[in-house]
Amino acid sequence: MEVASSSALAPQPLGVSGSLSAQQLVQIYRLMVLSRRVDDREILLKRQQKVFFQISAAGHEALQVGAALALKAGYDWFFPYYRDRALCLALGVTPYDMFLQAVGAATDPASGGRQMPTHWSSPELHIVSTSSSTATQLLHAVGCAEAGRYLSRHPEAAEPVAGDYREFHSLDFHGDEVVLACIGEGSTSQGEFWEAMNTASNQKLPVIFLVEDNGYAISVPVEVNTPGGNISRIVANFPNFYFAEVDGTDPVASLATFQAAAAHCRAGLGPAFVHGHVVRHYSHSFSDDDKNYRSAAERENDALRDPIARMRERLIREGILTEPEIIELEKALEHEAAEAAERALLAPLPEISTIPRHVYSPDLDPTSDSFATETPDSASTANPASSAARSQRTMADLINACLHDEMRRDPRIVVYGEDVADASREQALAEVKGKGGVFKLTAGLQTEFGSERAFNSVLAEANIVGRAVGYAVRGMKPVVEIQFFDYIWPAMHQIRNELSLMRWRSNGAWAAPAVIRVPIGGYLTGGAVYHSQSGESIFTHIPGLRVVMPSNSLDANGLLRTAIRCDDPVLFLEHKRLYREPYGRAPYPGPEFSIPFGKAKIVRPGRHITLVTYGALVPRALQAAHQAERDHGIETEIVDLRSLSPYDWEAIAESVRKTSRVIVAHEDMISWGYGAEIAARIADELFDELDAPVKRIGAMDTFVAYQPILEDAILPQPQNILDALVALKAY
Ligand SMILES: Cc1ncc(C[n+]2csc(CCOP(=O)(O)OP(=O)(O)O)c2C)c(N)n1
Ligand SMILES: [Mg+2]
């Protein structure tokens, strides 16, 4: 492999280790060998089928130990890679902890038997839960660094507060903290790597990006992933970085490099990029055999660069340890690893009953009455006739009002997304009105709370959500906006595999209770394919995520407040067509108004048919129900679900028991849609209550077209609902 020259790569003359004491060099060697011994022991256990997966740090030890020793566990922050055993050992994770994870023990401190081995987590050491998804962690690291910077500048935000999510997150931060984010060279092809580099560079964040370059991504050699085969050359023009390329099989050079990188970050000069050349001493994992795709010569060449053999030679050459002393040390480490493995094999295994634990917060239940400050008076304001027309506020107004209220109340809230700021160039604000979101939902937030708390993100949706994960694991409350539901898909990986999974996969050690606000839906006349999509059931299918979708101003205000104050991640779906509709306007309900999740509202009582719906179909259903009563004498009970996950099964069941006939109606496509689950459950659990089949109404199984006559035909209309009501009554 070609290795670009740099001072760090120059052959180390004898005695260069002189800046480190003999004791420190032995400690480095000790950590490297212990890591290898734990790997080897785990491989043995895998062969014996006592553990179920193995992936090793073999060949990466020197680089990783160098990184760990330059930083401070429990002070700095760590987003390791799945190959970072030596890093985590050096930070303070014990071999016993590692074997507990390998056997999947109940007492595995990283995940309680939920994650594969080497998927790290330790709140105490500031090691944030690792996923298997390559590159996602870099955006978390960026958000984490932003949070650390914000908290250092606004320590008042860290004060403990009871009564909302803050009660369960004590914050800890330091003005000169550094965030380490590790990745393999193959995974630098992921967009999230570039998105993280972009923001870290632009904001001069104290993140050390460590690329552990072992030349392969499973079987794919580096030149396939990286044009020219060297990632350092490609990133070299990012501003504000400290760049270093180092022989990662040399722990002393690695340590020196990380010390310089950390100094750059701690001084506030910007991020660092350390590109370490290492070898993959074994195959990718136990499931892989590199003899299938690497030549013998290449493998032999790598074997010669084994960092442990090199360090051993060095210690002897520099007269630090004798050969017999090394043998003795290695034996002791072998014993340490074996003993830890034996103990871990005796550890209790997780109880089946614990499986659902930590899908959601066990501490703060957003369905509870503590979030029910909905007054009977205000609850009835879905009917516009109940309040003076002049005081009626749109859904857009009351969402904006809620954001203002909550930001005033809680300094941990930051709001960002595409175009959400009033103006990124602050000086313009003296003469312009400000943008405040393409739908103006965030208008005035930057002006009132400043550019640190309300700002424009880069145009990259994974960046928005990935950074929110980083903010949220630090105990802050990011309330971010995805500009249109149609463009949420680049963030899907972050939403499903990171945001929603963080709490469960870490067995409750970490959580990412961010709020993602998303304008959704059609009926826009001209919205077409890319500004009209629905697709909520794709998200209600994600455990760990709360999904809500209000149909009127008051519900939007109260549910958003619950979303912000609760301790779970929330997807807050705002129907664009309802933002400024005359339907569902309401007076401002005050700054403490909140509605629990999972509580439906009967927006029209009736005896004959239950119509379960939500979002923009609520006013359409009301129209149809009105006509059904006037022209056909059919009394329809409309259940507005308001929150989709969790949903109010009791309200549905109670209504169906009364009417014995039910339609589930939604704007999204009918097949595989949200209604399929509800209809199936009604058929299953309420079969004896039914006098007719459960019916569904939804869009055609296609996308939404631009031409209005097509759009009208594709999306469900009041007439479709009316027809269904008449047909079902006659069944
Ligand atoms: C997003 C994603 N895609 C694919 C995979 C499957 N996978 C796991 S490791 C890996 C190769 C990673 O190579 P590299 O980043 O060089 O790290 P290394 O394993 O060599 O340390 C792949 C493709 C994954 N875990 N995540
Ligand atoms: Mg690699």
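The values are calculated or read from the model by the stated rules, or taken from the named source; none is laboratory data. Just so it is clear, the structure is predicted and the values come from calculations on it, not from any experiment. With ideal geometry, Cβ positions are generated from the backbone for all residues, glycine too; neighbour counts draw on all protein chains shown. Heads up: the accessible areas ignore ligands, DNA and RNA and are worked out on the full protein's heavy atoms, side chains in. Shrake-Rupley method; radii C 1.70, N 1.55, O 1.52, S 1.80 Å.
How far is helix 251-266 tilted, in degrees, relative to the longest principal axis of the Cα atoms in the chain, given as a value from 0 to 90 rounded to the nearest 10?
40 degrees
Which of Pro239, Ser254, Leu151 sits closest to the plus end of the dipole of the stretch 148-265, meaning its Cα is farthest towards the positive end, when Lys and Arg get +1 and Asp and Glu get -1 on the C-beta?
Value computed over the given set: Pro239.
Under 15 Å from a point 7 Å along the Cα-to-Cβ line of Gln48: which residues of the stretch 341-371 have their amide N that close?
The answer is 341-347.
Ignoring ligands, DNA and RNA, how do Asp701, Asp40 rank by accessible area with a 1.4 Å probe, largest first?
From most accessible down to least: Asp701, Asp40.
If a/c stays under 1.5 just call it rounded; otherwise compare a/b with b/c (prolate if a/b is bigger, oblate if not). Do that for the stretch 137-176, with a ≥ b ≥ c from the square roots of the Cα gyration tensor eigenvalues.
It is oblate, given that a/c is not under 1.5 and a/b is not larger than b/c.
Probe radius 1.4 Å, ligands and nucleic acids ignored: give me the carbon and sulfur share of the accessible area of the chain as a rounded percent.
With neighbouring chains kept in place, the figure for the chain is 53 percent.
Suppose all protein chains stay in the model; what accessible area per residue would a 1.4 Å probe give for the stretch 603-729, in Å²?
Accessible area per residue, the stretch 603-729: 43 Å².
Setting aside same-chain residues fewer than 8 positions from Lys46, which lysines have a Cα under 28 Å from its Cα?
Reachable lysines: Lys291, Lys331.
Treating the angle as unsigned and between 0 and 90°, give the value, to the nearest 10°, between the Cα long axis of helix 307-317 and the longest Cα principal axis of the chain.
The angle comes out near 30 degrees.
Return the lysines within reach of Lys477: Cα separation strictly under 30 angstrom, same-chain partners fewer than 8 residues apart disregarded; answer none if there are no such residues.
Cα-Cα hits under 30 Å: Lys72, Lys204, Lys433, Lys435, Lys440, Lys576, Lys599, Lys601.
To the nearest 10 Å², what's Phe99's accessible area with a 1.4 Å probe?
0 Å²
Enumerate the aspartates and glutamates that Lys729 could reach by cross-link, defined here as Cα to Cα under 17 Å, with residues fewer than 8 away along the same chain left out.
Glu629, Asp631, Glu635, Glu637, Glu689, Asp691
Classify the stretch 499-589 as rounded, prolate or oblate from the Cα gyration tensor: take a ≥ b ≥ c as the square roots of its eigenvalues, call it rounded if a/c is under 1.5, otherwise prolate when a/b beats b/c and oblate if not.
oblate
Relative contact order for the stretch 49-172: what is it in percent, counting Cα pairs under 8 Å that are at least 6 residues apart?
Result for the stretch 49-172 is 22 percent.
Let me have the relative contact order for the chain, percent, based on Cα pairs under 8 Å that are six or more residues apart.
For the chain, the relative contact order is 12 percent.
To the nearest 0.05, what FRET efficiency results for Asp688 and Asn240 with a Förster distance of 45 Å applied to their C-beta separation?
0.10
Using a probe radius of 1.4 Å on heavy atoms only, what accessible surface per residue do you get for the stretch 200-248? Whole Å² is fine.
39 Å²
For helix 136-153, what angle does its Cα long axis make with the longest principal axis of the chain, in degrees from 0 to 90 and rounded to 10?
Relative to the chain, helix 136-153 is tipped by roughly 80 degrees.
Please work out whether the chain counts as rounded, prolate or oblate from its C-alpha gyration tensor, where a ≥ b ≥ c are the square roots of the eigenvalues and a/c under 1.5 means rounded, while otherwise a/b larger than b/c means prolate and anything else oblate?
Prolate, since a/c reaches 1.5 and a/b exceeds b/c.
May I ask you to give the solvent-accessible area per residue for the stretch 405-469, in square angstrom, as obtained with a 1.4 angstrom probe?
Solvent-accessible surface per residue comes out at 39 Å².
Which value in deg cm²/dmol, rounded to the nearest 500, describes the helix-derived mean residue ellipticity at 222 nm for the chain, given -39,500 (n - 2.57) per DSSP H run of n ≥ 4 and division by the residue count?
So the calculated ellipticity at 222 nm is -11000 deg cm²/dmol.
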